[in-house]
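A short worksheet on the structure shown next.
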Amino acid sequence: MKTRIAALTAALALFVGAGAATAQDVKPRLIRFGYGLSESSNQGRAVKFFADELAKRSGGKLKVKGFGDASLGNDIQMQQTLIGGAQEMMVGSTATLVGIVKDFAVYDLPFLFNNEQEADAVLDGAFGQKLTAKLEEKGLVGLVYWENGFRNLTNSKRPVTKAEDLGGIKLRVMQNPVYIDMFNRFGANAVPLAFAELFTALETGTVDGQENPVTTIQSSKFYEVQKYLTISKHVYSPWIVLASKRWFDGLSNDERKIIREAAVASRDFERKDSRELSLQSVTFLKEKGMQINELSDAELNRMRDLVKPAFDKYAAEGGAEQLKDLQAEIAKVRK
Ligand code: TK8
């Protein structure tokens, strides 16, 4: 009797399960998901997690094919492909979105967030959503923010313990005016370049240095071509998961809901994974022979002063309200 009830219960569970799946309006679809880092990076792992999560939630119907190493194009190229509707999804730096929605540059101003928790609260809250919403009229849907992380400096010339040490260093930055302005003020020669071209540029000496989170310095093997690492944490850098609006609008409500939920799950996974990895990355990079130093508080304060005009410039060029809003949100979190 007991076994019969158990069997019946199991059968019922199967039936209910199947019923729930077929009641959903979900069609078989292939989602091309492009990203810039390698498959074994934190970015690659999170794309894989998203793919598994989506398959699970859609009974295997929504299939993600990941394309790493910018094989579908660099961030800016992929954004355009999404807008045109020839690619479904991507993840990339918010900093490369400024050609589409200028307001994203506010995240690039240096030394805004003190820690990851402040960033999470602001990005996942009303402010983060307000910026994301501005993408829609441009043909993009911003789903969630992932963590790229606090950015640090590397170069092949000399240890950087103060801003003056950057003098004359050709430093690759993202294609973004705030970054160019910031590093020129620090005394470097800022060279905007797509991430996909960065390793070769460092290897051939086209540029002397770059700045990225330690996780990326590890996964992109920059330690092979860079000697000095300065833990400067000058900007907290978000990634944003994007969908083509043209494609997204053609999905059923169920499909959109599943994708949004899987994206949120991927965000939580990615942040946890990236934070764990970043703790190990510094040790890894030391073992690989990088010479690593931190910046003193006094020097960090000096650097803050040096880039103050970058804030004024950003505000004067139409960003004043955005910046005020962001600073107010951060102040709220700090309370
Ligand atoms: C990867 C980039 C990268 C970013 C950069 O496509 O360009 O330096 O930090 O993560 O988005």
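The values are calculated or read from the model by the stated rules, or taken from the named source; none is laboratory data. For clarity, every value in this text was computed on a predicted model and none was experimentally measured. Neighbour counts are summed over all protein chains in view; Cβ atoms, including those assigned to glycine, are modelled from backbone coordinates with ideal geometry. Just so you know, the surface numbers come from the protein's heavy atoms only, side chains and all, with ligands and any DNA or RNA stripped out. Shrake-Rupley method; radii C 1.70, N 1.55, O 1.52, S 1.80 Å.
Observations on the structure shown:
- Note on region 279-324: residues that are surrounded by 14 or more Cβ atoms within 10 Å (Cβ to Cβ) and within 21 Å of Val122 (Cα to Cα) amount to 6.
- Leading residue by the ranking (farthest from Lys313 (Cα to Cα)) among those in region 175-201 that are touching a residue at least 40 places away in the same chain (Cβ under 8 Å) and open to solvent by less than 10 Å² (accessible area, probe 1.4 Å): Ala194
- Condition met for Val122 (modelled with pLDDT of 95 or more, part of a helix (DSSP H, G or I) and not assigned by TED's automatic domain parsing to the domain that holds Phe199): yes
- Of all residues in region 206-226, none are under 30 Å from Leu135 (Cβ atoms), without any contact (Cβ under 8 Å) to a residue 12 or more places away in the chain and not polar (S, T, N, Q).
- Residue within region 139-146 that is within 16 Å of the ligand (Cβ to nearest atom), in contact with a helix residue (DSSP H, G or I) (Cβ under 6 Å, 6 or more places away or on another chain), within 23 Å of Arg302 (Cα to Cα) and open to solvent by less than 10 Å² (accessible area, probe 1.4 Å) present: no
- Each residue in region 43-95 was checked for being of a type in the set (A, V, I, L, M, F, W, C) and either outside the structural domain of Gly139 (by TED's automatic domain parsing) or not in a helix (DSSP H, G or I) (or both), and 9 pass.
- Look at (1) open to solvent by less than 80 Å² (accessible area, probe 1.4 Å); (2) in contact (Cβ under 8 Å) with a residue 40 or more places away in the chain and you find that Asn253 fails only one, number (1).
- Subset of region 68-98 [within 14 Å of the ligand (Cβ to nearest atom) and open to solvent by 50 Å² or more (accessible area, probe 1.4 Å)]: Asp69, Ser71, Leu72, Ile76, Gln77
- Close pairs from region 134-149: first within 16 Å of Ala46 (Cβ to Cβ), partner part of a strand (DSSP E or B) and away from the ligand (no atom under 16 Å from the Cβ), Cβ under 8 Å, at least 6 apart: Leu143/Ala243
- Just one of the numbered conditions (1) in the same structural domain as Leu123 (by TED's automatic domain parsing); (2) buried (at least 24 other Cβ atoms within 10 Å of the Cβ) is not true of Thr216: (1).
- Close pairs (6 angstrom Cβ cut-off, 6 or more residues apart or separate chains): over 13 Å from Leu229 (Cα atoms) in region 276-289, of a type in the set (A, V, I, L, M) anywhere: Ser278/Val214
- When restricted to residues that are open to solvent by less than 10 Å² (accessible area, probe 1.4 Å) and not hydroxyl-bearing (Ser, Thr, Tyr), region 104-138 contains 13.
- Test: Gln24 is of a type outside the set (A, V, I, L, M), modelled with pLDDT under 95 and more than 30 Å from Asp312 (Cβ to Cβ): yes
Conditions tested, residue by residue: (1) hydrophobic (A, V, I, L, M, F, W, C); (2) part of a strand (DSSP E or B).
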| site | (1), (2) |
| --- | --- |
| Ile100 | yes, no |
| Asp103 | no, no |
| Val106 | yes, no |
| Pro110 | no, no |
| Asn114 | no, no |
| Lys130 | no, no |
| Val141 | yes, yes |
| Glu147 | no, yes |
| Lys157 | no, no |
